[in-house]
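Every number in this text was worked out from the coordinates using simple rules, so none of it is lab data. The shown structure was predicted, so the numbers you read here are calculated from the model rather than taken from an experiment. Cβ atoms come from the backbone with ideal geometry, glycine included; neighbour counts cover every protein chain shown.
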Amino acid sequence: MRSRNPVFSRRGFSGGHAGFDAAPQAGTAAQGNPYATNPYAGNPYAQPANPYAADPYAQGGPDLQQGYPPQAPARADRMTIDDVVARTSITLGLVVLAAGAAWALRLPVGVGFAAGLVAMVLGFVQSFRRKVSPPLILAYAVFEGLFLGVISQVYNEVAKGAPMQAVLGTMAVFAGVLIAYRTRIIRVNARFMRFVIGAAIGFVLLSLVNVLVAVIGGGDGLGLRTGGLGIVFGVIGVVIGAAFLALDFKQVEDGVQYGAPREESWLAAFGLTMTLVWIYTEILRIIAILNND
């Protein structure tokens, strides 16, 4: 499958591997098993079939939490939920540690934005690599953490306690989306994915235009980051981030279901980390605007 992040596009689980070439699971598509045909089997270099091409839940089919056939037998070289949790804990832990160090050292704003630029470059490099690079992902987490530590301190001077409130808000969004995904209130299909990607592209382009107008003409640009319009724009950003969380959960679910290589758990952790950073920064901006109005 392919998943997208609000900031960077990233490949999904692909490539030749024993787990991907596993035989189809019990049942057929006609019998209601949307995973009866493994889209990753066959030519390891061919573009995998998109599991979002049809909505497996539209006809009331079973889901992974409520009746899918069991996944392939666990093997040391296949990704598991525990792998994803462990790698995500490592990447998020590095982000938090680096942010704490930047905060304690009171790094200059220029250093923070330079770290953010490096993190962006590292994120792009990993996104377009065919193979997962754990050192690259960990380096991204460190530089992203330095950036977050600096901007969090800046926002804290504007609105005391804003960073902690943003952390709590991010945790609430994560928990809410996870519950909605597991209960199938949110159903990730082709239409959902197209809508989210389209919304994210529009959001990013508007943000860039706002920055350019602010740089050229001064002031607040289009006003997308201040006042009532800034709050609305920030809420839209949080909603888009929440939608990408659902795509991330689907990526993890499919990776486990299809028997993805264990190293792909790093890719899942990378995606989850970027999405949570996106949500945190948007909530941080909203809180700062509310405290200034």
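Going by amide H atoms built from the backbone, whose H comes under 5 Å of the H on Arg78, apart from near neighbours?
Close amide H contacts, sequence-distant or interchain: Arg262.
Please find the FRET efficiency linking Asn292 to Arg130, where r is the Cβ-Cβ separation and R0 is fixed at 41 Å, and quote it to the nearest 0.05.
That gives a FRET efficiency of 0.35.
I need the phi-derived Karplus couplings for region 174-182: 6.51 cos²θ - 1.76 cosθ + 1.60, θ = phi - 60°, integer Hz, Gly and Pro marked x.
Those phi angles translate into 4, 5, x, 5, 4, 5, 5, 5, 5 Hz.
Using the count of nearby Cβ atoms within 10 Å as a rough guide to exposure, how do Asp254, Asp77 rank from fewest to most?
Numbers: Asp254 21, Asp77 12.
If I rank by nearby Cβ atoms, fewest first, I get Asp77, Asp254.
Nearest 0.05, what FRET efficiency do Ser207 and Ala86 give at R0 = 30 Å with Cβ-Cβ as r?
0.35
How would you rank Met79, Met171, Met120, going from fewest to most other Cβ atoms within 10 Å of each one's own Cβ?
Met171, Met120, Met79
Starting from the 7 Å offset along Cα-to-Cβ, what nm value, one decimal, do you get for the label separation of Leu105 and Arg194?
With each label placed 7 Å out from Cα toward Cβ, I get 4.8 nm.
Give me Val238, Val125 ranked fewest to most by other Cβ atoms within 10 Å of their Cβ, as a rough exposure proxy.
Least to most surrounded, the residues fall as Val125, Val238.
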